[in-house]
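Data first, discussion second: the structure below is written as structure tokens.
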Amino acid sequence: MTVPDFPIETKRLVLRPFLKSDLEAVMQYHALPEVQRYLDWKARDRVEVKSALEAMVQQHRFQRPGDAVILALVRRADNALIGQASLRWVDATAGQAELRFIVGPAQRRQGYAREAVREMLDLGFEQLGLHRVFARCSARNQASANLLRSVGMRLEAHYREHALFQGEWDEELHFAILDREWLRGSKVKEIHRNMVA
């Protein structure tokens with residue numbers, strides 16, 4: 001696997017590796033129960049978020065399965081860190097990774113997550129040479145499900161009552177996209193942009 005080129009710039013975002021100095025910004029969303037529920041680790045207080053951040057600072061390339069590329073989402077307009085996006089390499093033989101993303105509540109429904117997800121898929125397929133990227137979200141989180149559909153990912157599974165969380169049954173949706181599907185979709189969009197321009 002190659003080392004990705006950072007930072008990655010979009011129209012409104014800069015995607016870059018995390019820095020230790022990002023602690024206050026990461027606290028703004030990691031400490032929220034609605035976000036914490038979907039993290040790999042418990043991260044509610046300052047000490048736990050600091051520990052999580054120290055791990056994320058080191059995660060910006062693939063060397064072996066289990067590694068992750070975790071990037072800070074920085075808004076270009078004001079240099080504010082508003083969330084994160086990641087690819088976790090889960091299978092070397094199948095060239096497979098899991099996509100995850102978090103955007104702080106105040107920045108949701110403004111298209112930032114979609115912009116970041118598109119760049120992470122480009123990164124995964126074009127720079128990291130992945131074959132398949134999948135993503136999971138709660139069946140209650142229709143905003144995330146709609147976002148994943150909008151970038152071309154297909155719903156592959158709906159796990160009903162698969163886990164008990166704080167006394168309630170949770171349902172999970174699994175989405176995925178293959179490299180050839182993403183690349184074909186990207187080329188069609190590029191041709192359309194060129195025709196409109």
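Here, each number is a calculation from the coordinates, and none is a lab measurement. Because the structure is a prediction, the values reported are computed rather than measured. Glycine also receives a Cβ, built like all others from the backbone with ideal geometry; neighbour counts cover every protein chain displayed.
Remarks
- Segment Glu161-Arg44, length gained on full extension (0.36 nm per residue, minus Cα span): 39.6 nm
- Volume per residue of the C-alpha convex hull in the stretch 8-196, rounded to whole Å³: 124 Å³
- Full extension of the chain segment joining Arg114 with Ala77 gains 11.6 nm, where the gain is 0.36 nm per residue of separation less the Cα-Cα distance.
- The label-point distance for Val57 and Glu168, in a model that sets each label 7 Å from Cα toward Cβ, rounds to 3.6 nm.
- Label point at Gln127 placed 7 Å out along Cα→Cβ; residues across the stretch 53-67 whose backbone nitrogen lies under 19 Å: 56-67
- From the alpha carbon centroid of the stretch 68-137 to that of the stretch 8-22 is 11 Å.
- Segment Thr10-Glu181, length gained on full extension (0.36 nm per residue, minus Cα span): 59.4 nm
- Divided by 2.2 N^0.38 Å, where N counts the residues, the Cα radius of gyration of the stretch 130-175 comes to 1.21.
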